[in-house]
Structure formats: C-alpha cells, structure tokens
Ligand SMILES: Cc1cc2nc3c(=O)[nH]c(=O)nc-3n(C[C@H](O)[C@H](O)[C@H](O)COP(=O)(O)O)c2cc1C
C-alpha cells in the first residue's frame, strides 16, 4: 500500500482516489458545501488567484518549517482540523488520523461530532490535541465537554461559532444521506460497488454514532443523537457566552469561524487566545467570502496580539505559504484529511501530510525563504483583490 500511495502525487489526486473508494453519498458528505457551493469553490479559487514573486539567491539551501503554537512546536504550520464522523471513512478513523498527525509532528483537533469518544481519541496520544465544541442551548453540556476535555489532557479548546444553524447541504439532501447510510435503489447499486469500504466498515456501520453525545440510560443510536445535537445548537449565542466559556476553560481558547475584522476586538476582549479565519469550508453560509480573502483585514486588525489560523481551500503547500504571507500563523485542513483516511487510514493521511510538507518546503526554497519568519506580503505579486469565478481569476 505504501508504495502505491507514493504515486498519489497531490491532495487533489487523493480526493480522486477517495471518490473511487467511497459510496457516493459518503464522498459527497465530505466533499460538498452549502447550496450553490460558490463559497466552497471560492475558497480554492482565491488561493489560485494569488501569485508569488520568487527571490532566489538568498541562500535557502535548507528550510525550517517549524512553528510554535500555544506552547507546542509543530514540524510545519499545519493542524488537522475538526471533521465530524471521520469514523465513517475508515474504522476508528479519528484515531488513525491522530496517529498520522503525531508521526508527522503536527497538531490535530477532534470534532464534537466524532464517531469515538473524546477520551478514546485522547488515548491515541496525539500532542497537541485540541477539542472542538459549540455553545449549546444547554450550557451545562458545553461545560461538560470542556471538563471532559480537560480531564483527558487536551491542550486547547476550539469554539466553533459558525455552526449555530445547520448548513443547507444540497448534495446530502439529493443523496438522501443518512447515517448509517440507508441508500435508496440508486445509492444501493452504487454502494455495493464499493466493496472494500463496505467490508472494512461492516462492524462500524451497525453502531456508528456521535459518541460524545451518549447519555447513560438514553437511546444512543445515531438518529437519536443527531436529533439531540441539532436541538442543542443555539443561534442566539452572543459574546457573553464566549466570556462565560473563558471562565470555564483555563487553557488556550480558540475561536473558529471568524470572518469579519470587527470581530477581532470582541474576541480579544472575551479573552480568547487565538482565532481561525474560516467559513467552515463553504458548508455553512453560501455566498460568504473565501477565508483567504477575509484573512488580510483580520490579520491586520489582530496586529500580532494572538495567533491567527486559517482554513478553507488549502490544497497545496504553496497555499500555506500564501496564507502565511497574508498574515496567518498556520492553517488547518478539513476535507484533505478525510480523503487520506478514506484511501488508507493512517497511511493515507500520512501521505497527505507528506505532500503538504514537500510542497511547502519546495515553494519556500524556490522563493528563497529559509524559515517561516521570513515570509511576508512582499512575496505576493497579486495583492488580494475581488474574486471572479472562471478563467478570468
Ligand atoms: C465532513 C466535514 C465535517 C466537518 N465537521 C466539523 C465539525 O464538526 N466542527 C467544525 O468546527 N468544523 C467542521 N468541519 C469544517 C472543517 O473543520 C473546516 O473548517 C473546513 O473543512 C475547512 O475547509 P477545507 O475542507 O477546504 O479544508 C467539517 C468539515 C467537513 C468536510
């Protein structure tokens, strides 16, 4: 398998492999975005619209890609982001991902909606490991997850603020996506052609659920827990809730889903330690700007007062370089980790991380950059500008 994976040349190629091995509804669950998927496409296109101005002859014979974030030194400025139900892509998918992240020396963030419990994930030993939560209508449940994360040795809490209503993902509606998958006739015909996935997942498919939401004595099938989760979302949350969470969690608190520069001061005022510029990979508000378009104004407003991370559309090591040039300290990846896991579990994500590292290292070398500290906006030719879809970008 390892030799075979070495021929997967890019993250996009891993996506193609994932498409071939997954039932369509499962592939689309990860791949899709909200409504017209304009924001989803825009995230990637906005990176492509940025171009670089290489400056060789600066002695970049070796490159140091390491970055220290919240007290942990990562081997490159990348964190594997929170994606619900990684365990639907490969048995124990979350822990497979944890092991790949550990081996690669990068951080990983567990989703609230993981198929395993946060305690089980912690046992995989990834450092640093972050836990992602929401502000729930039942604040006691948010507190409970934070306390459980503390007890399980998580190094940061990530509060996602852009999932207060469930995004309108039309591919899931069209596919009749349910968990566990109960495909209609067309879906069934497609699923039976994905024999490898079906065989691997034969035990999980009977029991997969949102494990962190289980309650003693209550139904714990995925339908029941998905209902509970949906009912717990709170579109009425405010900055006061962030201030409250600050009093509950004493480690690094990171706000994920910041897109507006005017939210920087309230975030700092509420005592958060870092932000992720993110539109949830285009899965929530269709029509939102690309995250990399929103980044420069936010980074400027932050002015170095806290780490700024970014996710959405990072598909190349060169995209990481561009994000850092626009003021990010590091990036998160969402879908690419699921593609890697779907193809080969831990080894698949290891290959994905390897690709990012190789591409970032090469891009830095070709730009004449020896360390991340040397990256700034002067390496960009195309200054951020309005995005236009199609060839004109
Ligand atoms: C299948 C899937 C599940 C996700 N689940 C969560 C989640 O539970 N919590 C969260 O904060 N973000 C979640 N996200 C969003 C990612 O953390 C991230 O913001 C987004 O995927 C980044 O864009 P990218 O996929 O282009 O890298 C999910 C994304 C995907 C694709």
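Restricting the range 308-327 to residues that are assigned to a loop (DSSP other than H, G, I, E, B) and more than 16 Å from the ligand (Cβ to nearest atom), the residue that is farthest from residue 373 (Cα to Cα) is 326.
Within the range 149-166, being within 15 Å of the ligand (Cβ to nearest atom) and either modelled with pLDDT of 95 or more or out of contact with any helix residue (DSSP H, G or I) (no Cβ under 8 Å at 6 or more places or on another chain) (or both) holds for 149, 154, 156, 157, 158, 159, 160, 161, 162, 163, 164, 165. Taken over the range 329-340, the criterion of being within 11 Å of the ligand (Cβ to nearest atom) and part of a helix (DSSP H, G or I) is satisfied by 335, 336, 337, 338, 339. Are any residues in the range 168-189 in a loop (DSSP other than H, G, I, E, B) and surrounded by 20 or more Cβ atoms within 10 Å (Cβ to Cβ), and if so, which ones? Correct list: 169, 177, 179, 181.
Just give me the residues in the range 79-88 being in contact with a strand residue (DSSP E or B) (Cβ under 6 Å, 6 or more places away or on another chain) and more than 9 Å from the ligand (Cβ to nearest atom), in sequence order. Within the range 79-88, 79, 80 meet the criteria.
The set of residues in the range 99-125 that are within 16 Å of the ligand (Cβ to nearest atom) and touching a strand residue (DSSP E or B) at 6+ places or on another chain (Cβ under 7 Å) comprises 101, 106, 107, 108, 109, 110, 111, 112, 118, 121.
Between a residue in the range 246-259 that is more than 11 Å from residue 272 (Cα to Cα) and part of a helix (DSSP H, G or I) and any residue that is within 16 Å of the ligand (Cβ to nearest atom) and modelled with pLDDT of 95 or more, which pairs come within a Cβ distance under 9 Å, given they are 6 or more apart or on different chains? That search, which allows pairs on different chains as well, returns 248/142; 248/146; 248/157. Residue count for the range 142-162, restricted to those that are under 17 Å from residue 228 (Cβ atoms) and buried (at least 19 other Cβ atoms within 10 Å of the Cβ): 2. Among the residues of this structure, residue 295 counts as one that is at pLDDT 95 or above, farther than 21 Å from residue 132 by Cα and within 16 Å of the ligand (Cβ to nearest atom). Which of the residues that make up the range 189-204 are out of contact with any helix residue (DSSP H, G or I) (no Cβ under 8 Å at 6 or more places or on another chain) and modelled with pLDDT under 90? Those that are out of contact with any helix residue (DSSP H, G or I) (no Cβ under 8 Å at 6 or more places or on another chain) and modelled with pLDDT under 90: 189, 193.
Scanning the range 190-231 for residues that are in a loop (DSSP other than H, G, I, E, B) and in contact (Cβ under 8 Å) with a residue 24 or more places away in the chain, we see that the one that is surrounded by the fewest Cβ atoms within 10 Å (Cβ to Cβ) is 203. Cβ-Cβ contacts under 7 Å between residues 6 or more apart (or on different chains), taken from a first residue in the range 291-315 that is closer than 19 Å to residue 34 by Cα and in contact (Cβ under 8 Å) with a residue 12 or more places away in the chain to a second residue that is assigned to a loop (DSSP other than H, G, I, E, B) and more than 16 Å from the ligand (Cβ to nearest atom), are listed as 292/326; 293/384.
The values are calculated or read from the model by the stated rules, or taken from the named source; none is laboratory data. All values reported here derive from a predicted model rather than from experimental measurement. When we count neighbours, we look across all protein chains shown, and the Cβ atoms used for this are built from the backbone with ideal geometry, even at glycine.
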